[in-house]
Amino acid sequence: MDTKKSMSVSTRASDPQTLSESSAGLLRELVAHLRQNRTQLREEWARRITRAELLTAMTEEEIFAEATAVYDNYVEALETGTFEALQAYSRRLSERIIPRGVETDEVVGIVLLLRDVLARSLFTKYQDNVEKLNRILDSYEPAANRIANTVAVGFVEERERIIRQQQEAIRELSTPVLQVRERLLILPIIGVIDPQRARQLTEQLLRAIRANRAKVVVIDVTGVAAMDSGVANHLVQTVEASRLLGATVIVTGLSPEIAQTLVTIGVDLSEMATVGDLQGGIEEAERLLADRAAPTTQVREIAPESSR
Amino acid sequence: MGEELQLPIAADVDVVEARQQGRALAAVAGFSSGEQTVIAAAISEIARNILMYAKKGEIMLSLVQNGDRQGVSIIATDQGPGIPDIERAMQYGYSTSHGVGAGLPGAKRLMDEFNVDSVVGQGTTITMTKWRRAI
Amino acid sequence: MEVPILRQGQYLIASIQSALTDADLSHLREALIAQVGRSRCRGVIVDVTALDVMDSFAVRTLRDIAHMARLRGAETVIVGIQPDVAFAMVQLGLTLKGVATVLDLEEGLAFLNRRTEERYLETKPRRPSDRG
């Protein structure tokens, strides 16, 4: 299918008939052509996809099924000039094919191939009328590019959404609250904490305190490399919120750096129960629990009420 | 989305109504239960402020969108005495302090965006927004 | 909205059933103070399980209740703060410091029993022959 080279040069004179054809009319003609030749163009496209070794994760039947839907959506977008439906379709399609392992470059690749296949068919059809071909391309090209863009963006957005979802799930899994014995919970925190994870930790812990009727919680931060003041604040809030639910918190594994951060944000470390390591923290927790089981003869000091 | 609620604040019960409506709207926007409570608390503080210092005013709740993210926007207006020193009012550390604008610093801590416009003798408009983390 | 106040032995239990307006909270405070003053009450339990939000006014009121009860010799304990509510509270900067807070009614009663026992032992003269 040799195209431009074999085209004859048409007269440059302004042909009244061609000029009077509105671009809307041209678009209609274009769409009609694409619909009329649907079957053969679609097959050509599918062949080129295979030749380019794209969508290798899918079978030929699957490619053909999706190709039909993509083609129809493509032509419809050309016809209506609106792209919302196409974007929605693109996201649904992406939702289907991403788990199959289809990559961004493949999706962009196949859409560009379709654009090329359709463009070539236009060259063939209008090879005797360069003037008209140019005007049809004037309508076709921007629309085709916008379509490629829409599909690609839809795919990428869907990918990002899935990745965020997976990250959230991983965060949930990696912050287990352990019930060691009755009324005692341990929350080992490991790795980097961002504000979102910190919030999640607190919510999970508070729910666990309620569900397990915990009286003592040991929060171990041995595995935390560094803590900025925001997250340190968050730790303090967690301790305070736990107290509101009737649980005492013991923080273990505070490195000198983290202790310093806490002091910097104004935490009175003498008010926060801290023990060097997790084992020591658990022992202290058990002591506290034993204490509460039987009333003591010691006067328990209640913090003076601040009227601030 | 077009979900918009205008709520008058003129009595005690209106404060409760406003925060419950706020919670409901936050639920529609897909906020977690914890975040709904945070939004309700912020509305409660702001609404009470209106009642205490302006005697009456209005709270408008609406859903907002920013690309992928959804959020709840709260606009509280009154024709009250206004806040003489906004900066100082915002510095006031804790909500247990008294005086005009006492609830503001607390509410600001809870929200993602927070803006106070106040003219002494004319009134106050507080605009605050909380965004849902996109998933 | 009237908050029901029950008597259980030497304790008063105020059970909040639903969202309260500021006026309701103030009424509750007055009612509790009056009852604590009237009877030989050793403890007050305020059950806030049903409270959707604890804002600055609610916290101020609970503090007032605890303070006034203590002046009349009674210990106060707040029970049933919901996890979400507790989280919102600390973000608002409200901590209820100086007021006992426990998980639920059962814990609240256990707490008051312990405190009552402790204070009783506190006041007893320390001669061994007096024990028994």
Whole angstrom only: what separates the Cα centroid of the range C:30-95 from the Cα centroid of the range A:145-171? 49
The range A:181-220 versus the range A:69-102: alpha-carbon centroid distance in Å: 44
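Quick one: grab the alpha carbon gyration tensor of the range A:184-225, order the square roots of its eigenvalues as a ≥ b ≥ c, and give me rounded if a/c is under 1.5, else prolate or oblate depending on whether a/b is larger than b/c.
On the way: a/c = 4.08, a/b = 1.52, b/c = 2.69.
Because a/c hits 1.5 or more and a/b fails to exceed b/c, the range A:184-225 counts as oblate.
Rounded to the nearest angstrom and ordered from largest down, what semi-axes does the equivalent ellipsoid of chain A get from its C-alpha gyration tensor (root of 5λ)?
Numbers: eigenvalues 991, 76, 48 Å².
Square roots of five times the eigenvalues give 70, 19, 15 Å.
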For the range A:249-291, what class follows from the C-alpha gyration tensor (a ≥ b ≥ c being the square roots of its eigenvalues): rounded when a/c is under 1.5, otherwise prolate if a/b is larger than b/c, else oblate? oblate
Additional length obtainable on full extension of the chain from A:N37 to A:D105, 0.36 nm per residue less Cα span: 21.8 nm
Residues with amide H under 5 Å of B:I9's amide H, sequence separation 5 or more or different chain, H placed in the peptide plane at 1.01 Å from N; which? B:G57, B:E58, B:I59
Give me the percent of Cα-Cα pairs in the range B:40-92 that sit more than 14 Å apart, rounded to a whole number. 63
Shielding of C:111-123 by partners, i.e. mean partner chain Cβ atoms within 10 Å per residue? 3
Counting only Cα, what are the radius of gyration and maximum Cα-Cα distance Dmax of chain C, in Å? 15.7, 54
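Could you put C:L96, A:L137 in order, starting from the residue whose Cβ has the fewest other Cβ atoms within 10 Å?
Details: C:L96 21, A:L137 17.
So the residues, fewest neighbours to most, are A:L137, C:L96.
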From the Cα gyration tensor of the range A:111-204, with a ≥ b ≥ c the square roots of its eigenvalues, which class applies: rounded if a/c is under 1.5, or else prolate if a/b is larger than b/c, or else oblate? prolate
Residue order, fewest to most surrounding Cβ atoms within 10 angstrom, among A:R135, A:R197, C:R40: C:R40, A:R135, A:R197
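Can you name the helices of chain A, as whole DSSP H runs, whose Cα span along the helix axis is 27 Å or more and whose Kyte-Doolittle mean is not below 0.0? List each step's numbers first, then the result.
Details: long enough: A:60-80 (30 Å, -0.25); A:104-125 (32 Å, 0.86); A:130-173 (63 Å, -0.50).
The answer, listed by residue number, is A:104-125.
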Relative contact order computed over chain B (Cα-Cα under 8 Å; 6+ residues apart), in percent: 25
Directionally averaged projected area (convex hull, Cα atoms, the range B:2-71), nm²: 4.5
Peptide B:13-19 - average C-beta neighbours from other chains (10 Å radius): 4
What angle, in degrees between 0 and 90 and rounded to the nearest 10, separates the Cα long axis of helix B:12-28 from the longest principal axis of the Cα atoms of chain B? 30
Dimensions (Å) - the protein assembly as shown, Cα atoms, principal axes, largest first: 125, 61, 41
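If you place +1 on the Cβ of every Lys and Arg, -1 on the Cβ of every Asp and Glu, and leave all else neutral, what size is the dipole of chain C about its Cα centre, to the nearest 20 Debye? Kindly include the intermediate steps, with their values, before the conclusion.
Working: 17 positive and 17 negative charges, 211 e Å.
Dipole size: approximately 1020 debye.
Test of understanding: ordering C:E118, A:E60 by Cβ neighbours within 10 Å, fewest first, what list do you get?
Numbers: C:E118 17, A:E60 11.
Lowest to highest Cβ neighbour count: A:E60, C:E118.
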Relative contact order [Cα under 8 Å, 6+ residues apart], chain C, whole percent: 22
Kirkwood hydrodynamic radius for the range A:24-176: how many Å is it when counted over pairs of different Cα atoms? 16.6
Tilt, helix C:83-92 to longest principal axis of chain C (alpha-carbon atoms), in degrees rounded to tens, equals 80
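With a 10 Å radius around each residue's Cβ, average the other Cβ atoms per peptide and rank C:102-108, C:30-36, highest first.
Working: C:102-108: 19.4, C:30-36: 17.6.
Going from most to least packed, we get C:102-108, C:30-36.
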When you look at the Cβ of every residue in A:191-204, what mean number of other chain Cβ atoms sits within 10 Å? 2
Give me the mean projected area, in nm² to one decimal, of the convex hull enclosing the Cα positions of chain B. 7.7
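How much FRET efficiency would the formula 1/(1 + (r/R0)^6) give for A:E182 and A:T222, where r is the Cβ-Cβ distance and R0 is 22 Å, rounded to 0.05?
After rounding, the FRET efficiency stands at 0.35.
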Debye intensity ratio in log₁₀ form over the Cα atoms of the range A:163-276, taken at each q of 0.09, 0.18, 0.21 Å⁻¹: -0.22, -0.89, -1.20
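Since every read-out is calculated from the coordinates, none of them should be taken as a lab result. None of the values given here were measured: they were computed from a predicted structure. Every residue, glycine among them, receives a Cβ derived from its backbone with ideal geometry; neighbour counts consider all protein chains shown.
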